[in-house]
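Here is the structure we will look at.
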Amino acid sequence: MKRALITGITGQDGRYLGELLVAKGYQVFGLIRGQANPKERLVVEENPALELVEGDLRDLPSLIAAVEQVQPDEVYNLGAISFVQLSFKQAELTAEITGLGVLRMLEAVRIVGGSDRNPIRFYQASSSEMFGKVREVPQTERTPFHPRSPYGVAKVFGHDMTVNYREAYGLHASSGILFNHESPRRGLEFVTRKITNSVARIKLGLQDSISLGNLDSSRDWGFAGDYVQAMWMMLQQDEPDDYVIAPGETHTIREFLDVAFRLAGIDDWEPYVRRDPRFYRPAEVDLLIGDATKAHERLGWRPTVSFEELVQMMYEADLEAEERQLRQRR
């Protein structure tokens, strides 16, 4: 039985990845800080086979202890301060966890090492936000980085450090340059989930509007469940490498609103949407679209959920959850 250690286990990707690995017969461990986070109880309820181990991405000795305890075959580093807007307000914390946390995790893997015949394989969750003010369209593994947020800068550090440990120490260390990926498990602070949840509440008469920032930014959105499959595929390869993971099509926030409100039976969403300058970034990323040719050819990875199917999945899940809460209150 293979053993895997996942950081960021309480996040959207960690939850999907944990379920995928358990289904593949792995013994799965999730790294937690041990502070009675209610999300920890949720992930164990969702995935009873999951085991939790304490460790902190800000503390190298705790990570070494966690890796020694688990003795994993594979380590998936998904832990990060991942909300871009928050990274502008908490830049130092973002650098500490999203950037230096990668270095500490790599160092723990290097020190513990695993056996000579079965060294630990490492996955780093890199991000399309590293491209920022894009130098070319679409973006590939060779596109230069120009991050436009503390989050993006920290991700570049973690990405380059992963490459460095691969080249300097021979670690089987791969990075997935993941473009925006969403699901019903996305946090409500993210614009996609904010939209689907708000539209469901508007449909039910629970709120009358939604406040958003830039409606013209374009993203290459996919389903998180598809993306964790790509993570696993990377660590099954004989040689480590970096891969762009994206459906390869771009949509604006306006298009996301079009689909979500149409699902709610509302054709004109303008009366329900307010522009709020608080939700504009100090430095905007206008256009992201990925070229995942390398992942298609070498991993055999393909997305299975379309843009409209993704919006529908999220809207229907939020509508069902809001209706359930209404029934409980009555």
Response to the item:
Taking Cα atoms only, helix 12-23 is inclined relative to the longest principal axis of the chain by an angle, in degrees rounded to 10, of 60 degrees
Practice prompt. Please order 243, 280 by the number of other Cβ within 10 Å, starting at the fewest.
Written response: 280, 243
Response to the item:
Most exposed first, judged by fewest Cβ atoms within 10 angstrom, 134, 109 run 134, 109
Response to the item:
With only helices counted (DSSP H, runs n ≥ 4, each -39500 (n - 2.57)), the per-residue ellipticity at 222 nm for the chain, to the nearest 500, works out to -12500 deg cm²/dmol
Worksheet, complete the sentence: Cβ density ranking, 10 Å radius, fewest first, applied to 256, 157, 131 yields 157, 256, 131
Worksheet item: Relative contact order of segment 1-99: what whole-number percent is it, with Cα pairs under 8 angstrom and at least 6 residues apart?
Response: 32 percent
Discussion item. In segment 252-292, whose amide N lies under 14 Å from the spot 7 Å out along Cα-to-Cβ of residue 133? List them in ranges.
Written reply: 282-287
Practice prompt. Name the residues whose placed amide hydrogens come within less than 5 Å of the amide hydrogen of residue 178, ignoring near sequence neighbours (fewer than 5 apart) on the same chain.
Written response: 126, 127, 128, 245
Worksheet item: So who's got an amide H within less than 5 Å of the one on residue 223, skipping anything under 5 residues away but keeping other chains? H placed 1.01 Å off N, in plane.
Response: 182, 305
Worksheet item: Whose amide H sits under 5 Å from the amide H of residue 73, counting only residues 5 or more places off or on another chain, with H placed in the peptide plane?
Response: 3, 4
Worksheet entry | Paramagnetic reach from residue 68 in segment 1-40 [backbone N under 16 Å; point 7 Å along Cα→Cβ] | none
Discussion item. Per 0.36 nm of contour for each residue apart, how much would the distance between residue 91 and residue 164 grow if the chain were fully extended, relative to their Cα-Cα spacing?
Written reply: 23.9 nm
Worksheet entry | Relative contact order (%) - criterion: Cα under 8 Å, at least six apart; region: the chain | 17 percent
Worksheet, complete the sentence: Expressed as a whole-number percentage, the relative contact order of segment 183-320 with C-alpha contacts under 8 angstrom and at least six residues apart is 41 percent
Response to the item:
Given a Förster distance of 51 Å, the FRET efficiency implied by the Cβ-Cβ spacing of residue 140 and residue 278, rounded to the nearest 0.05, works out to 0.90
Response to the item:
The ³J(HN,Hα) series, computed from each phi in segment 264-270 with the Karplus coefficients 6.51, -1.76 and 1.60 at θ = phi - 60°, rounded to the nearest Hz and given as x for glycine or proline, is 8, x, 10, 7, 10, 8, 3
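None of the figures in this text is laboratory data; all of them are computed from the coordinates on show. Just so you know, these numbers come straight off a predicted model, no measurement behind them. Note that each Cβ is placed from the backbone with ideal geometry, even for glycine, and that neighbours are counted across all protein chains shown.
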